[in-house]
Structure formats: structure tokens, C-alpha cells
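Data block below; observations after.
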Amino acid sequence: QVELVESGGGLVQAGGSLRLSCAASGSTFSISAIAWFRQGPGKEREFVAVIRRSGVTSYADSVKGRFTIARDNAKITGYLQMDSLKPEDTAVYFCAASRFIRTYVMYADAYDFWGQGTQVTVSS
């Protein structure tokens with residue numbers, strides 16, 4: 001079993017930056033990909049970014065060029081650096097981890113473990 005705990009959310013003005021962290025504990029040797037999803041008010045949960053164990057990354061078009069995902073394999077921690085934030089980025093951000101290599105990494109079904117989420121609010 002793996003436990004994920006997010007931190008770093010908060011309130012920021014449009015154009016600002018935040019850095020989210022996702023600390024993993026438990027059977028962390030089994031983690032393959034680490035991803036971030038978000039769910040805005042009244043919206044479905046959506047994919048934001050993923051980083052595979054190899055370091056290869058993928059991003060949603062809406063955040064490409066503004067967000068950067070990273071991971072520290074020694075600390076078993078994932079990060080999401082968010083720059084040039086927009087009010088439409090307001091959401092609860094969730095960290096997710098998968099045990100196996102899967103091709104459908106942009107879908108929530110690819111992930112076995114989830115954090116509780118951290119609120120990000122961007123004011124205009």
C-alpha cells in the first residue's frame with residue numbers, strides 16, 4: 001500500500017506561481033508513474049501532468065508551457081511547479097501514483113493510489 005500526501009496549495013494572484021509537493025510513503029518501491037489531476041468547481045476531474053519512472057513527461061494542453069512536473073526518486077516525492085497561473089487553474093489538485101507501466105496515463109483509471117488533494121485558488 002502507498003500513501004500520498006499533497007502540500008503547497010494556497011491562494012495566489014493571477015500570474016503568480018505555486019509549487020505542489022506529493023510525498024509518498026509505504027510500499028514506494030512499487031511506484032511507476034506519478035501524476036497530477038485537478039477538479040475545479042462543478043467540473044470533472046481532469047488530467048494535468050504525468051512523469052514516468054524514466055523521467056518522460058506529458059502535459060495537458062491547457063498547462064503546457066506553464067506547469068512543470070518533476071520527481072525525486074530518492075525521496076519518492078513528486079512536484080508540480082505552476083507558473084503564470086490563471087483563474088481557470090483554480091481547483092483541488094490531486095496527486096496519483098501507479099504501480100505498473102500503463103499506456104493510458106492521462107486517465108484516472110491508470111492510477112492505483114491517490115492523495116486527499118490540496119486546494120489551489122487563483123484570484124483575478
*asked:* Based on the alpha-carbon set only, what is the convex hull volume of the chain divided per residue, in Å³?
replied: 92 Å³
*Mind checking which of Leu80, Leu20, Leu11 has the largest fluctuation in a GNM of the chain, springs on alpha carbons under 10 Å?*
Leu11
*Reachable lysines from Lys64, Cα under 25 Å, same-chain residues fewer than 8 places away excluded?*
Lys43, Lys86
_Out of all DSSP beta bridges in the chain, what portion is antiparallel? Express it as a percent rounded to 5._
90 percent
_Top of Phe29, Phe37, Phe94 by mean-square fluctuation, Gaussian network on the chain, Cα under 10 Å_ = Phe29
*Relative compactness, region 39-82, computed as alpha-carbon Rg over 2.2 N^0.38 Å*: 1.27
_Cut-off 12 Å between beta-carbons: net charge of the residues surrounding Ala49, Lys and Arg +1, Asp and Glu -1_ = +3
*For region 1-56, which GluC sites (Glu not before Pro) are both in a DSSP coil and crowded by at most 15 other Cβ atoms within 10 Å?*
Glu44
*When N is the residue count of region 63-124, what does its C-alpha Rg come to as a fraction of 2.2 N^0.38 Å?*
1.25
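Only the coordinates and a few stated rules stand behind these numbers; no lab work does. Predicted model only: the values in this text are computed from it and were never measured. All Cβ positions, even for glycine, are placed from backbone atoms using ideal geometry, and neighbour counts span all protein chains on display.
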